[in-house]
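**Q** Take a look at the following structure, please.
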Amino acid sequence: MGLDKAVYGACHGLLCLLDPSKDKAAIWNPSTREFKILPPSSIQRPPYFSPFEETYLTLDDVSFDHASFGFDSKTDDYKVIRFVTLTFVNSEEQYPHPHFMDQVELYSLRSNSWKEIPCPDYKPTETTLGNNYVDGICYWKTETGAYLDFRGLILSFDMGNEKFSILPIPEFVGSFPEYYVNLLVFNGSLGAIVYPTEGIDTSFDLWVTSEGVWTKQFNIKSISGVVRPLGFGKNGDLFLRDTNDEVLLFDACTQELKELQINTYLDHFRFTISLHAYLESLVRINGIQENIEKHVIRQPARDASNEY
């Protein structure tokens, strides 16, 4: 895999790794050191006809992003879903204007193959903080409307019936442009952490939804120098990134902030760094066992309980 590889989900002790710039993905069990490199997609890329230019355009680039990894309990199957962006250009022009087309692909571990599924009307607009899979459903933040009439929405995908749905984000959770609203998983439930877009001292509100009802869990007041949250650990502690690109741990009970001596400054992708809670597992993926570091790892993990 290339240098752009990243963890895009954790489920039952398995991690899904994907290179968004290439058709490369893998499933890995760090406990058993078993991994499986997924086959490349065999899905056909459709042609693109430009009415304005009155010609078919050339496929210039294919990128894979907003992937999610989860379990389908109906078929006892692990699945990977990813959004594909096709970029077309007029090869006859010196400075061609790009045209885009979207596809959605779904991988089944049981069949060891990809298939195309209908593309939803909305596309994920932001990266979820860490894992975005809860009890058979994957979640992404999306949006509708223009700047002054902006509304945040939640795009969901059911791994069982393989259908997309749209859920509203209540206005009392947080509104654009005054607040950032980031989706995450908190204690096994879908949550949203809300914080102001401006200000030196940053406060955080955590909202959690259960059966469609949003409840405010707690508020963390005035943490100075924090850029953005990264997600919650297994004990409910909040991981943060500060203005020096250091990773911090905030204990909500004691209100104490701890430096973890983890600096993301040298990471080219520090602005999209995410946290994934990891639990040891003996789940088999019918892959192979060998030195996986040469395939997907740049350096040893600093914390065996979490992936950054």
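**Q** What's the local net charge at Asn29, with K and R +1, D and E -1, over the other residues with C-beta under 10 Å away?
**A** +1
**Q** Normalized C-alpha radius of gyration of the range 33-101, against 2.2 N^0.38 Å?
**A** 1.56
**Q** Continuing with this model, one more query. Below 27 Å, Cα to Cα, which lysines can Lys221 reach? Residues fewer than 8 away in the same chain don't count.
**A** Lys141, Lys234, Lys258
**Q** Kindly provide the pair-distance distribution of the range 1-55 built from C-alpha pairs, with 10 Å bins from 0 and whole-percent values in order of increasing distance.
**A** 21, 36, 21, 13, 7, 2
**Q** Then there is this: Considering every pair of different Cα atoms, what Kirkwood radius, in Å, is found for the range 1-138?
**A** This gives a value of 16.3 Å.
**Q** If you don't mind, another one. Would you kindly find the accessible area of Val185, with a 1.4 Å probe and non-protein molecules such as ligands, DNA and RNA excluded, rounding to the nearest 10 Å²?
**A** Per-residue accessible area (Val185): approximately 40 Å².
**Q** I'd like the accessible area for Cys253, computed on protein heavy atoms only with a 1.4 Å probe and all protein chains in place. Round to 10 Å², please.
**A** 130
**Q** Here's something else I'd like to know. Tell me the net charge near Tyr95. Cut-off is 14 Å between Cβ atoms, Tyr95 excluded, with +1 for each Lys or Arg and -1 for each Asp or Glu.
**A** Local charge sum for Tyr95: -4.
**Q** Could you list which residues have their amide H under 5 Å from that of Tyr48, counting only those 5 or more apart in sequence or on another chain, with H placed in the peptide plane?
**A** Here the answer is Leu57, since their amide H atoms fall under 5 Å of that of Tyr48.
The values are calculated or read from the model by the stated rules, or taken from the named source; none is laboratory data. Model, not experiment: these values are computed from the prediction. In this analysis, Cβ positions are derived from the backbone assuming ideal geometry, glycine residues included, and neighbour counts consider all displayed protein chains. Heads up: the accessible areas ignore ligands, DNA and RNA and are worked out on the full protein's heavy atoms, side chains in. Shrake-Rupley method; radii C 1.70, N 1.55, O 1.52, S 1.80 Å.
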